[in-house]
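The values are calculated or read from the model by the stated rules, or taken from the named source; none is laboratory data. Quick caveat, the model's predicted, so the values are computed rather than measured. All Cβ positions, even for glycine, are placed from backbone atoms using ideal geometry, and neighbour counts span all protein chains on display.
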Amino acid sequence: MTVAYSFLLFIVLGIFLFCYFVATRVWIKVEKQNKQLPSEKNTDSRRDFLYLSSISIGGLGVAAFIWPFLKSMNPAEDTLALGSTEVDLSDISIGQSITVKWRGKPVFIRRRTQEEIAEANSVDLAKLPDPMSDKDRVQKDEWLVLEGVCTHLGCVPLGQKMTDTKGEYNGWFCPCHGSHYDTSGRIRKGPAPDNLAVPPYQFISDTIIKIG
């Protein structure tokens, strides 16, 4: 949306400058001719000038009409603020999971134990419904960041709380239709067709990540 907004704004400014240039050049040219032409031809020249001036003013009117529309396409400040979320990981203990909101969706962040990491890396990828290695899903082995939305029908799986059932693969379990995810968030059993999605994120320090 931002790219489209900038592109259309460039077009509007181009129309404005073009109309201004044309009107100015025509006015100068007509004024010079008016000093040299008889009265009858002078009238024709003035008519041409008025015609071109009307076109120029019409172009400016179009630009003025389009401007509010273009401005409305620019994302509001509160929307831009929701585009990314910073999360402090320093208070998360090994084996603990937290849930944060990003763009209205739950995001699961788990600080995995060495056992969970080893379990995620020991899986035969050929047996997975949606094959993907654990290293392709994490930036640091210890931290797993996932969108907490089941890829079957959009339910929120269980597994974030210590008391939750984590399914047969010690990850997450969606009680709606019985999808089981492992400690890498990969689908292992049930109707879900894909792994839990990994949102775009980056470490901006050793203990803070920026999602989005």
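Tabulated results
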item: The range 124-149: number of residues that are farther than 13 Å from Arg188 by Cβ and assigned to a loop (DSSP other than H, G, I, E, B); result: 8
item: Flag if Ser184 is of a type in the set (S, T, N, Q), touching a residue at least 12 places away in the same chain (Cβ under 8 Å) and more than 16 Å from Phe108 (Cα to Cα); result: no
item: Pick from the range 154-185, criterion at pLDDT 95 or above and of a type in the set (A, V, I, L, M), ranking: farthest from Ile92 (Cα to Cα); result: Val156
item: Residue count, the range 146-179 (criterion: in contact with a Phe, Trp or Tyr (Cβ under 9 Å, 6 or more places away or on another chain) and under 14 Å from Ala120 (Cα atoms)); result: 3
item: Flag if Lys140 is modelled with pLDDT under 95, of a type outside the set (Asp, Glu) and either surrounded by fewer than 19 Cβ atoms within 10 Å (Cβ to Cβ) or on the phi < 0 side of the Ramachandran plot (or both); result: no
item: Flag if Thr207 is within 15 Å of Gln160 (Cβ to Cβ) and touching a residue at least 60 places away in the same chain (Cβ under 8 Å); result: no
item: Within the range 156-212, strands (runs of 3 or more DSSP E) holding 3 or more residues that are within 26 Å of the chain's Cα centre (by Cα) and surrounded by 14 or more Cβ atoms within 10 Å (Cβ to Cβ); result: 208-211
